[in-house]
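For reference, the structure discussed in these notes is given below.
Please treat every number below as a calculation from the coordinates, not as lab data. If you're wondering where the values come from, they're calculated on a predicted model, not measured in any experiment. Heads up, the Cβs are rebuilt from the backbone with ideal geometry, glycines too, and the neighbour counts pull from every protein chain shown.
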Amino acid sequence: MRRYLVQRIAAALLTVWVTTIAVAMLIHIVPGDPVQIMYAQSQGTTPEQLEEIRTRLGLNEPVWKQYAMFMGRILQGDFGQTIRGKQPVLDLLIGRLPNTLLLASVSLVIAAVIGIVFGFIAAYRRGTAVDTSLMIIALVGVSMPHFWLGLILLFVFAVNLAWLPVAGTDWRSLVLPAITLGVANAGIIARLTRSSMIDILDQDFVRTARAKGLKRGTILYRHVLLAGLIPVVTMLGLQFTYMLGGAIVVENVFAWNGIGRLAIQAIFQRDYPLIQGFILVFAVLVVTVSLLMDLLYAVLDPRVRLS
Amino acid sequence: MSDQTVTAPVPAASAASAKFRQFLGNRGATVGLVIVAVLVVTAAFAPWIAPYDPQMMGAGPRLTAPSFSHLFGTDEFGRDLFSRVVYGSRLTLMIAAIAVGIALAVGLTIGLIGGYAGGWIERIVMRLVDVVFSFTETLIALAAVAVLGPSLQNAMIAVGIATMPFYARICYATVLVEKNKPYFEASVAAGAGHFRIVLLHILPNILPTMVVVATLGVSTAILAAAGLSFLGLGAQPPSPEWGWMLSAGRDYFSRAPWMMIAPGVAIAATVLGFNLLGDGIREVLDPRQTARR
């Protein structure tokens, strides 16, 4: 168990470290002169001022030294300032982060509930019309672009019926984006739950339980559902990271003020410090979630826990 | 398929045709094949199918609802949406081919190097692939577009890079299997060079698997690229790219909801088609799945 933990933590740290290198180099891979591109929109910047910015960003130093300076600043929590508005990048991102986490978490709950219920019913009624219809719905869900589903929901419930706001910051504005992201991901969970449950339904212990004369409800709940959920729960961690990725797009459909919306604005404004900060924060988030999931898995699965 | 082909005596050797019949027996896979075929035909004959030039402004009145003269309605410039969706199929197929092609080429190279070389090269290369894999495609694609700048070409490259780890991992695993086969040992014993072994012996053996893997990856690539275009980071106006068309339709939301219908249905149907096709192929190739049916 300890060895497993050490390995997982080392892998997570390695991932973050590789990301910092990639992010630090980002500004050098950009075609053309990044400083010129960044300040192209703001008029009246003299060549002297551009040179001054280059010196300030350390772009005249050798690459290794730039990386050392970059890491030094990052480790002190200084992610630099945005080009527009000169705000501290880290504060801006941290301020927006709760919105994204809230959206992704609520969506995950919606996706898990719909997916597990659909998948379980489909497995139990395997081969029937119920199974086929549920799986067709799931496949259509998997195939639909989230942003399109979001636009349709927005059109029907916010514009036409006016039940919910088009955009905003309260819980009522969270309903549509969360449903969009949740429904869009429920299909994958439904398909996985179904195949996992079918594996369990075919097992000998289920037949034994039936032969013992246990009530159908008891068998389905205690023996099938709980056993079949283990792979699904593991999958939910991975789903959460996908939700975070999907949130970037959905936030833009609903003008939800998360880090995804901020990131897209940053890309359009070529605000490189903000883009760098976003990638780093997102990377740390994804790595942390995966690590937590691995730890949870280790606690749940006796084969890992006891090794 | 005529009855004749089905009832004709099957030579024992034609395992492939048996697989193909099994594939056609799967209703979902057949539907997928039909959707993809319709898409390919539409793309190939776009100039004959589309009644108008997709870029022609004022092909009809602005923002008119679907009618016989404009099947899917018109947009804010009076362009015919049906013609735009028809021409958009060309872009979608091109995006799918190029993005998957990039992912396949890079993934294949990395997987071959990692799997064949072994030792520390394997550890470093595959560890890097894991790093890329641990981020979601969306983040990698966004980072790539942030560096390269928004354009359709860059979106295709971004999607290719973002989906590459999937191909690299499968290629790597397949190479490891091939390395245990007798022909591999024989070619090493015969003194073949590294390049010869990799290019002439391993590559032809793993290529069929990788082509199947690529079919499974098409729908992911299409969705990811459409998402980038929707965000304004991919195809640029006046391109009839479906994701971008959806984004443009947003501004006319309540006045012309049909602007969001046609491109959305087109993307969803295309992705559904490739998903069904991929599922069908996977089912034919995975005996465990077949036994369960």
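Of note:
- When only alpha carbons are used to place a centre, the range B:154-187 and the range A:258-283 end up 32 Å from one another.
- Using alpha-carbon coordinates, inclination of helix B:137-148 to the longest axis of chain B, degrees: 70 degrees
- Degrees, to the nearest 10: B:119-134 long Cα axis against longest axis of chain B: 20 degrees
- Once the C-beta distance of residue B:195 and residue A:61 is scaled by a Förster radius of 51 Å, the resulting FRET efficiency is 0.80 to the nearest 0.05.
- Highest-fluctuation residue, B:168, B:105, B:117 considered, GNM on chain B with Cα pairs under 10 Å: B:117
- Mean residue ellipticity (222 nm) of chain A, computed from DSSP H runs ≥ 4 via -39,500 (n - 2.57), nearest 500: -25000 deg cm²/dmol
- Stretchable slack from residue B:124 to residue B:236, in nm (0.36 nm times residue separation minus alpha-carbon distance): 36.5 nm
- Residue A:159-residue A:212 FRET efficiency (beta carbon distance; Förster radius 51 Å; 0.05 resolution): 0.35
- Taking the Cα centre of the protein assembly as shown as reference, the dipole from Cβ charges on Lys and Arg (+1) and Asp and Glu (-1) amounts to some 1860 debye.
- Peptide B:124-136, shielding by other chains (average Cβ, 10 Å cutoff): 5
- Over the protein assembly as shown: Rg over Rh, Cα atoms, Kirkwood Rh: 0.98
- GNM result for chain B, Cα springs below 10 Å: residue of B:41, B:131, B:31 fluctuating most strongly: B:131
- Shown is the FRET efficiency for residue A:48 and residue A:169, computed with R0 = 41 Å from the Cβ-Cβ distance and rounded to the nearest 0.05: 0.45.
- Net charge contributed by nearby residues that have their C-beta within less than 9 Å of residue B:205 (K/R +1, D/E -1): 0
- Screening chain A for DSSP H helices whose Cα atoms reach 24 Å or more along their own axis and whose mean Kyte hydropathy is at least 1.6 gives A:89-124, A:272-300.
- Long-range amide H partners of residue A:81 with built H, under 5 Å: A:89
- Acute angle (nearest 10 degrees) that the helix B:152-179 long axis makes with the longest principal axis of chain B, alpha-carbon atoms: 20 degrees
- Expected 222 nm ellipticity per residue - DSSP helices of 4 or more, -39500 (n - 2.57), all of chain B, to 500: -23500 deg cm²/dmol
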